[in-house]
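In what follows, a structure is listed as structure tokens, so that the remarks can point back to it.
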Amino acid sequence: MNIRKSFLDFFQSKGHELVPSSPLVPDDATLMFTNAGMVQFKNIFTGEAPIPKVPRATSSQTCLRAGGKHNDLDNVGYTARHHTLFEMLGNFSFADYFKEEAIAYAWEFITDEKYLNLPIDKLWVTVHDSDDEAEEMWSKHIAKDRIVRFGDADNFWQMGDTGPCGPCSEIFYDQGEENFNGPEDRMGGEGDRFLEIWNLVFMQYFRDETGTLNPLPKPSIDTGMGLERVFAIKEGKLNNYHSSLFMPFLDKIGELVGTKYDFDADNSASYRVIADHLRSCSFLLAQGVNFDKEGRGYVLRRIMRRAIRHGYLLGLREPFMYKLVDTLVNTMGEQYDYLPKRAEAIKTAMKMEEERFFMTIEAGIKLFNEELKNTKDIFNGEVAFKLYDTYGFPLDLTEDMLREKGIKLDMDAFNAKMDAQKAQSKAGWKGTGDATTTGDFKALKEKFNVNEFVGYETTTTKAKVLALLDENFKETQQIDGKGWVLLDKTPFYAESGGQVGDKGELVGRGALTPTINVLDTKKFLDMNLSEVEGKLSVGDEVEAVVDNSRAEIEKHHSATHLLHAGLREILGEHIAQAGSLNDDKRLRFDFSHPQAMTSEEVAKVEAWVNDKISRAIPVKTEIMSIEEAKNSGAMALFGEKYGDEVRVVSMGDASTELCGGTHVKNVAQIGLFMITKESGVSAGVRRIEAICGNAAVEAVKALHDELNEVKTELKNVNPLAGIAKLKEQIKTLKSEVQAAQSATKKELSATELKGANVIVEEVETGDIKELIDEAKNKYPNIAIMLFQKKGDKVMIACGSKETNIKAGNWIKEIAPILGGGGGGRPDFAQAGGKDASKIGEATEKALAYLEENL
């Protein structure tokens with residue numbers, strides 16, 4: 001049976017609205033990933049958003065637990081039921097039905113022969129030890145001796161230290177004493193005999209700052225059932241990985257390894273780790289997360305490199321994860337149609353990451369094993385940091401390797417090295433956005449609903465002030481200065497989809513000042529609110545006028561659509577938008593692509609866009625259902641929220657996208673399109689910056705003026721010829737300077753120290769890199785460091801040949817004395833310093849370093 005479809009159909013038959021799975025990257029700055037089905041409904045449960053028209057919902061939500069409070073990464077592969085990525089089936093009631101219906105629905109779906117049809121004698125239920133009501137309701141369906149009470153640790157759920165919370169009730173499936181009979185194989189134990197399959201949360205309290213539980217006037221329901229666990233039960237498997245959801249992956253891994261998966265083999269956990277991590281890595285990449293040094297991209301890297309290491313344990317010595325993607329698409333692509341669409345991009349990104357790690361994994365494992373020989377109980381934290389910093393081993397990968405040996409890690413030493421690095425680089429992830437703005441939005445929406453946006457048709461309209469908020473988003477009757485206004489209808493576009501919010505004016509008819517400036521427009525709970533500055537009262541009637549900059553914003557937004565299409569045409573259909581910005585002066589477009597574009601590719605894309613503009617293609621906007629839009633070939637952006645009806649913006653055969661923004665009427669209005677920069681954002685993500693319209697005209701004029709200035713400086717000589725002549729003159733002067741320096745160059749002489757030739761000196765002239773190369777050619781077994789003043793600053797360089805001195809480590813010790821920093825290879829390193837007065841001290845310390853380390 002199709003368990004997912006059966007569940008969703010069942011709850012739809014009970015009046016629940018089917019809600020699509022939300023992205024793994026949630027619209028919530030407090031969460032790294034979507035880790036439960038209720039995440040997309042969080043604002044409803046907390047009261048920040050009003051209850052929807054249909055107060056019941058059901059979903060099959062992809063969830064990821066690999067960081068933060070909910071982190072299952074360490075257990076994956078070693079237990080029968082833990083996964084980084086899993087699907088949570090859920091039904092939700094927003095102040096509608098409560099315990100009795102939730103329990104009855106759950107029991108019907110689990111036991112009815114039309115649905116799961118699980119044997120009743122295999123089912124157990126838990127309730128909170130204070131929840132007599134839930135126990136009484138369960139006793140209508142199941143024998144009381146199969147209802148077990150537990151305390152807060154097991155059967156009480158809360159969103160945070162404060163907020164909605166309540167007791168919960170869990171449904172367990174008995175997998176049989178004949179299969180699991182250890183001391184923990186009991187209800188409430190850690191064994192696998194009693195498998196939790198469904199959790200029903202009864203949100204009936206609100207915990208305040210004092211910890212007091214206050215009854216909610218309208219309690220709600222939040223439930224979650226693990227799809228992978230139910231699949232295994234229905235297929236008679238005692239391990240999730242042995243169900244049809246995972247066996248195709250295990251079989252394919254066996255093909256690549258050359259040895260079929262065997263549950264009883266010592267290396268079977270490695271097969272399961274790879275199978276699990278394939279799913280989470282593929283879904284994250286498909287949804288726009290890319291490998292990175294921080295944030296979500298670093299979590300992705302950690303998962304990927306853990307899988308690569310387990311492949312290494314199985315004997316794989318070249319990229320293999322990308323070869324499993326087709327199997328994933330065949331298994332899950334029907335339910336998640338973005339997987340086949342993004343398959344090639346997923347493979348490319350995976351292969352690049354695998355190639356990176358395979359370059360260092362062998363040397364890293366060698367270092368790990370060498371240190372392991374010197375380890376009894378505690379592994380050296382500084383070595384763990386070197387594995388992290390030099391060889392790309394995430395910390396939890398090293399911990400995973402140590403856990404297999406029963407050895408702990410010196411975390412204090414690791415953290416000390418990490419803190420020192422962070423202090424030096426001032427690097428660290430700060431999240432992906434500001435904390436959610438709180439204010440009186442819910443009250444406004446309940447009072448006025450969503451205001452009407454008329455900005456597609458007009459840039460000016462008569463409007464009435466429905467409500468005002470002060471700078472802290474608190475409702476007020478009057479503002480005198482800055483605040484926010486809710487108009488009954490508005491021509492001002494609210495920032496979304498990459499397009500900036502409109503500016504403009506409110507011209508008073510009854511307003512207390514003649515003109516109120518509109519500084520910005522944003523969306524709160526689907527209401528368009530404009531930030532204003534002036535004197536305004538609720539009930540004032542105004543003329544709302546959008547600033548002329550809207551026309552330039554529209555040009556850049558429409559150009560972005562053409563750019564997206566052009567990139568797909570020139571580079572391939574793997575191109576997917578990863579972010580954008582459209583204002584009146586420029587556009588910025590981030591997109592998935594594994595390598596930097598060549599100058600020829602940039603030129604081709606620019607020409608492709610300008611060609612479409614020259615064809616004066618009309619821009620057509622249609623309203624249609626989401627299904628009609630997809631069937632028409634319109635591109636939808638992953639993670640964007642679309643309603644039942646959507647706007648489809650098409651530019652002939654050149655571009656068709658779902659888009660809620662404003663656009664030009666004809667692409668000819670865009671004018672000249674110029675790409676100003678192509679750069680990298682992170683691994684697998686590129687960025688194009690471009691201008692058009694008035695900004696392009698101004699840029700061309702500036703270039704023309706600069707060219708005329710160059711011609712004037714060159715006495716009206718052809719600029720290229722003039723530059724060539726200047727370069728020749730510079731070359732001649734450099735030769736003369738080098739000749740003069742050679743005549744006065746100091747002869748460097750080495751002294752002997754512990755069997756090595758040593759030079760540590762300050763030099764006034766000459767290229768210190770060349771001086772070091774000459775000394776290394778002249779002397780065997782040499783360690784050399786030179787200092788050279790450059791104004792108030794200092795250049796430092798050092799080299800090592802046939803000694804145990806590592807130039808990079810040596811210079812890192814000395815450069816800070818001069819107020820600088822640097823690094824390099826073991827044989828050569830260079831740095832800069834800011835304090836030339838400390839050269840004497842640095843020279844002494846450099847010699848002392850050699851005394852200690854040679």
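The values are calculated or read from the model by the stated rules, or taken from the named source; none is laboratory data. The structure displayed is predicted, hence computed values, not measured ones. Ideal geometry is used to build each Cβ from the backbone, glycine not excepted, and the neighbour counts take in all protein chains shown. Please note that ligands, DNA and RNA were not included when accessible areas were found on the heavy atoms of the full protein model with its side chains. Shrake-Rupley method; radii C 1.70, N 1.55, O 1.52, S 1.80 Å.
Quick notes
- Extension gain (nm, one decimal) between Lys834 and Ile623, 0.36 nm per residue minus Cα-Cα: 69.7 nm
- DSSP bridge pairs, the chain: antiparallel proportion in percent, nearest 5: 90
- The gain in end-to-end length when the Asp161 to Glu736 segment is fully stretched comes to 199.6 nm, 0.36 nm per residue minus the alpha carbon separation.
- Measuring r between the beta carbons of Asn43 and Asp520 and using R0 = 35 Å, the FRET efficiency lands at 0.95.
- Loop GluC sites (Glu not before Pro), segment 598-681 (other Cβ atoms within 10 Å of the site Cβ: 14 or fewer; DSSP): Glu640
- Prolate/oblate/rounded call for segment 643-799, Cα gyration tensor, a/c under 1.5 rounded: oblate
- Coarse-grained scattering of the chain at q = 0.04, 0.08, 0.09 Å⁻¹, given as base-10 log I(q)/I(0) from a Debye sum over alpha-carbon atoms: -0.25, -0.96, -1.15
- A Förster radius of 30 Å combined with the Cβ-Cβ distance from Asp792 to Lys701 puts the calculated FRET efficiency at roughly 0.15.
- Percent RCO, i.e. relative contact order, over segment 21-150, from Cα pairs under 8 Å lying at least 6 residues apart: 18
- Solvent-accessible area, 1.4 Å probe, carbon plus sulfur percent, for segment 1-133: 48
- Relative contact order for the chain, counting Cα pairs under 8 Å that sit 6 or more residues apart, in percent: 6
- Computed from label points 7 Å out along Cα-Cβ, the spacing between Tyr298 and Asp27 is 2.8 nm.
- Nearest-20 debye value, the chain charge dipole, Cβ charges on Lys, Arg, Asp, Glu: 2380
- Taken along its three principal axes, the alpha carbon spread of segment 749-827 comes to 35, 25, 19 Å, from the longest extent down to the shortest.
- Kirkwood analysis of segment 465-597, using all unique Cα-Cα pairs, places the hydrodynamic radius at 16.4 Å.
- Pairs from Lys252/Lys351; Lys731/Lys793; Lys711/Lys731; Lys731/Lys801 whose Cα-Cα separation, in the structure shown, is over 28 Å: Lys731/Lys801
- Looking at the chain, the accessible area is 48 square angstrom per residue; that uses a 1.4 Å probe and ignores ligands, DNA and RNA.
- Summed residue charge, Cβ within 12 Å of Val664's Cβ, Lys/Arg positive, Asp/Glu negative: +2
- Of the residues Met674, Met401, the one with the largest accessible area comes first in the ranking Met674, Met401, computed with a 1.4 Å probe on protein heavy atoms.
- Segment 654-699: mean projected area of Cα convex hull, nm²: 4.8
- Förster radius 41 Å - calculated FRET efficiency between Tyr338 and Lys405, Cβ distance, rounded to 0.05: 0.50
- Within straight-line reach of Lys14, meaning a Cα separation under 18 Å, sit the following aspartates and glutamates at least 8 residues removed in sequence or on another chain: Asp96, Glu100, Glu101, Glu108, Asp112, Glu113, Asp222.
- Using a probe radius of 1.4 angstrom, the carbon and sulfur fraction of the accessible surface of segment 499-573 is 42%.
- Expressed in units of 2.2 N^0.38 Å, where N is the residue count, the Cα radius of gyration of segment 571-707 is 1.13.
- Partner lysines whose Cα lies under 18 Å from the Cα of Lys806, excluding those fewer than 8 positions away in the same chain, are identified as Lys386, Lys754, Lys769, Lys776, Lys845.
- Packing around the peptides 577-590, 555-568, taken as the average count of other Cβ atoms within 10 Å per residue, puts them in this order, highest first: 555-568, 577-590.
- Based on DSSP H segments of at least four residues, each scored -39500 (n - 2.57), the chain has a per-residue ellipticity at 222 nm of -11500 deg cm²/dmol.
- Extension gain for the segment Asp74 to Met352, taken as residue separation times 0.36 nm less the Cα-Cα distance, is 97.6 nm to one decimal.
- Mean Cα-pair separation over length for segment 788-829, i.e. relative contact order, pairs under 8 Å, 6 or more apart, %: 41
- Rounded percent of accessible protein surface that carbon and sulfur make up, segment 190-339, 1.4 Å probe: 45
- Each residue, Met359 and Arg186, gets one label point 7 Å from its Cα in the Cβ direction; the gap between the two is 5.6 nm.
- Inter-label distance, Asp767 to Glu196: 6.7 nm, where each label sits 7 Å from its Cα along the C-beta direction.
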